[in-house]
Amino acid sequence: MSSRTEPSFRESVDLMFNRAVSLMDLPPGLEEKIRVCNATYTVRFGVRLRGAMHTFTGYRSVHSEHMEPVKGGIRYATGVNQDEVEALAALMTYKCALVEAPFGGSKGGLCIDPREYEEHELELITRRFAYELAKRDLIHPSQNVPAPDMGTGEREMAWIADQYARMNTTDINARACVTGKPLNAGGISGRVEATGRGVQYALQEFFRHEEDKAAAGLSGKLDGKRLIVQGLGNVGYHAAKFLSEEDGARIIGIIERDGGLFSADGLDVEAVRNWIVKHGGVTGYPDAQYVEDGAVLLEEECDILIPAALEGVINLSNAERVKAPLIIEAANGPVTAGADDVLRKKGIVIIPDMYANAGGVTVSYFEWVKNLSHIRFGRMQRRQEEARHQLVIDELQRLDDVMGGTWSMSPNFKDKYLKGAGELELVRSGLDDTMRVAYQSMREVWHSRDDVTDLRTAAYLVSIDKVAKSYHAKGL
Ligand code: GLU
């Protein structure tokens, strides 16, 4: 155990920010303007439940309004506090800038354990929270657009959207007041899987660059790589599922609230997820070794470690023992500033949170655009695209006939080529492009500057530069 003390989450983010800005040449005062959180609202409201009045405390923090609306999820957890939402709001600012989602950063939270309430109670609480935020313009299509985060999902977003619409009956853009809604309430295909999908695309892009793999002491493809995932919630589950089913990675460890599972041969992600849904945890899962203190698996040998749960899980107490050569931060802030120093010195490569989990807000951006344009992506072009492809197929067929049937198209080519892109294909294409371009912007800084030795600093440099330019354009 180190004698150094751990800073708070927000201080941790600030320390990483400071490390990056010390390498920049920002005009005096601008550095502080970007770093500080513009405002944090605390709301306390009462809801009558089970015959008694219950008071709840919620927050919505706005970190930077250099672009509006500001964007960021709302989390439901007992540990929610001002420091945490401010740290998360700051990360949203940098995340949006990095992936070129045209938003400022915000975050919200409600101190609640959602598992302790019935669905109709959660609806009452959520609607009341939404009312408190909306009447202060902290939910608004052009000012502040929440989304799901830990403990919330499509259901809560649908309630929020409906509450806002009730309060703003003539707002034609009301649906754009929140993202992550179900499809039938103005959502977009592929939003639920988006953050996990983004983690997959991020790793695929990392593995396209020999120099970057070499920096982590890795080589070859994702196929066969040993992964340990912490948290099989929405993000961890989708990331583990896609990486194992589509890229051939082997999930050798899964860490959950009640312990960890280990199997050198690889775990069946779908089976583990089903077990958790049925039994409330991983305990008792038959096809793996169970470890009561799941956190020790963070220190197990593997190729890639994916913390996809809470902040601060890799800290000064365990960083020295982490063996994974590559960490991809699917969660926000899983590595503390102190642990970051330790891991960097050990030569561990970290794909930072503000990039790694940006898939969620990226697809939120697409959903917001869809809501404002009032039309589903692909609706106009899909059949036209298919008709043009049909022309090519017909022509190939005609040539084949002229040649007397001496050659033929490969199996499946016709079906695959004919299929025009629907909303899901377009969302995935937009997300893949976003993750590739953002990665390349980070790696360029990483490799071109001697004073930048890690991807996190590179990510901060790229995003702070964008935020600074945006302030500059406003004349600040
Ligand atoms: N809560 C997610 C995040 O931390 C998504 C935010 C959004 O879609 O606005 O990035």
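Just a few scattered comments:
- Prolate/oblate/rounded call for the chain, Cα gyration tensor, a/c under 1.5 rounded: rounded
- Stretched out straight at 0.36 nm per residue, the stretch from D287 to E301 would grow longer than its current Cα-Cα span by 3.1 nm.
- Set of aspartates and glutamates with alpha-carbon distance to K419 below 15 Å, sequence-local pairs under 8 removed: E385, E386, D394
- Of the cross-linked pairs K370/K466; K95/K346; K33/K107; K95/K241; K107/K346; K107/K323, those separated by over 28 Å at the C-alpha level are K107/K346; K107/K323.
- Value of [θ]222 nm, deg cm²/dmol, for the chain, DSSP H segments ≥ 4, -39500 (n - 2.57) each, nearest 500: -14000 deg cm²/dmol
- Lys/Arg +1, Asp/Glu -1 at C-beta; the chain dipole; positive extreme among T170, S64, V349: T170
- Virtual spin-label span in nm between D268 and N168, 7 Å along Cα→Cβ: 4.7
- For a paramagnetic label modelled on L49 (point 7 Å from Cα along Cα→Cβ), amide N atoms under 14 Å away belong, within the stretch 120-134, to 120-130.
- Positive-end residue, the chain charge dipole about Cα centroid, Cβ charges, pick of A161, M403, N332: A161
- Site pair K135 and S410 shows an inter-label distance of 6.2 nm when each label is modelled 7 Å from Cα along Cα→Cβ.
- Long-range HN-HN contacts of K225 with modeled amide H, under 5 Å: R250
- Part-to-part distance (alpha-carbon centres) for the stretch 167-199 and the stretch 275-310, which is given in Å: 31
- Label-to-label distance, S219 versus M380, with points set 7 angstrom from Cα along the beta-carbon direction: 5.0 nm.
- Long-range HN-HN contacts of N144 with modeled amide H, under 5 Å: V70
- The stretch between D465 and A421, if pulled fully straight at 0.36 nm per residue, gains 12.3 nm over its current Cα-Cα span.
- Taking a point 7 Å out from the Cα of V277 in the direction of its Cβ, none of the residues of the stretch 233-249 has a backbone N less than 11 Å from it.
- Protection proxy ranking of 140-153, 8-21, by the mean of other Cβ atoms within 10 Å over each peptide's residues and highest first, is 140-153, 8-21.
- Here the dipole of the chain is about 1240 debye; that uses its Cα centre as origin and unit charges on the Cβ of Lys and Arg (positive) and Asp and Glu (negative).
- Residue separation of L372 and K474 scaled by 0.36 nm, minus their Cα-Cα distance, works out to 34.2 nm of gained length.
None of the figures in this text is laboratory data; all of them are computed from the coordinates on show. From a predicted model like this one, the values you see are computed outputs, not experimental measurements. With ideal geometry, Cβ positions are generated from the backbone for all residues, glycine too; neighbour counts draw on all protein chains shown.
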